[in-house]
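Asks: This structure is in structure tokens; I'll ask about it shortly.
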Amino acid sequence: MAFQFSTRCRAACGQQRIDDMLYVTNGAWTASTAYTVGETVTNGGNSYRVTTAGTSAASGGPTGTTTSITDGTVTWTYAPPTLVLYSGAESANCAASSPAGVLATIQLPMVPLTTTNGVTSLSGVWSGSGSAVGNAASFRIFDATGTFCVEQGNTTTDLVLVNTSIAVGQPVSVSSYQITEGGA
């Protein structure tokens, strides 16, 4: 099966690059601003999600790549887009339930994709460690909030892994990933 994009992506991808879909945020971080749990901002080229509501500091903002970043009275977590690998078959679409059997969850680089002449390919290293035992059959990519499925596909032709047989703690790497926009 070919890539299954979310409705939001199908509507917007013709006018904006797919990697832009990965960063659904409330915009850039702002000083001395009240933030609520779940809001996501960008600062210094990274995405951050609020885990404890509060008011941001007068300057600076969240930095780093940890899960507990204090900024004024707000606590942030580093929130890059994520790739989740499953042993279950690909779902009908992104709106359907996720496939069974999470094998690995990989934090993607902050610039995970590049587009040239209508072809979008992986950028940087997409790697992590296995969290369960099984054979990878499908994947989903989630935006910086971790809740919105941007796209999904299979691990045979859509997103190719170095090794689809995954074990706990085993390195997991993506060897190729490419999307060709219509008319490219």
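Asks: Whole-Hz ³J(HN,Hα) for each residue in the stretch 163-170, computed from phi via Karplus 6.51 cos²θ - 1.76 cosθ + 1.60 with θ = phi - 60°, x for glycine and proline: what do you get?
Replies: Residue by residue, the stretch 163-170 yields 8, 7, 7, 10, 10, 4, x, 6 Hz.
Asks: May I ask you to list the chymotrypsin sites (Phe, Trp or Tyr not before Pro) in the stretch 24-120 that are in a DSSP loop and have at most 15 other Cβ atoms within 10 Å of their Cβ?
Replies: Passing both the DSSP loop test and the Cβ count: no residue.
Asks: Taking θ as phi - 60°, what are the ³J(HN,Hα) couplings along the stretch 58-68 by the Karplus curve (6.51, -1.76, 1.60), each to the nearest whole Hz, with x for Gly and Pro?
Replies: For the stretch 58-68, the Karplus-derived couplings read 6, 7, x, x, x, 9, x, 10, 9, 9, 9 Hz, x marking Gly and Pro.
Asks: Mean shadow of the stretch 34-78, computed from the convex hull of its alpha carbons, in nm²?
Replies: One quarter of the hull surface, i.e. the mean projection, equals 2.5 nm².
Asks: Please work out the C-alpha center-to-center distance from the stretch 92-109 to the stretch 42-61 and express it in whole Å.
Replies: 27
Just so you know, all these numbers are worked out from the coordinates, no wet-lab data involved. Because the structure is predicted, anything quoted here is derived from the model rather than measured. So basically every Cβ, Gly included, is an ideal-geometry build from the backbone, and we count neighbours across all protein chains shown.
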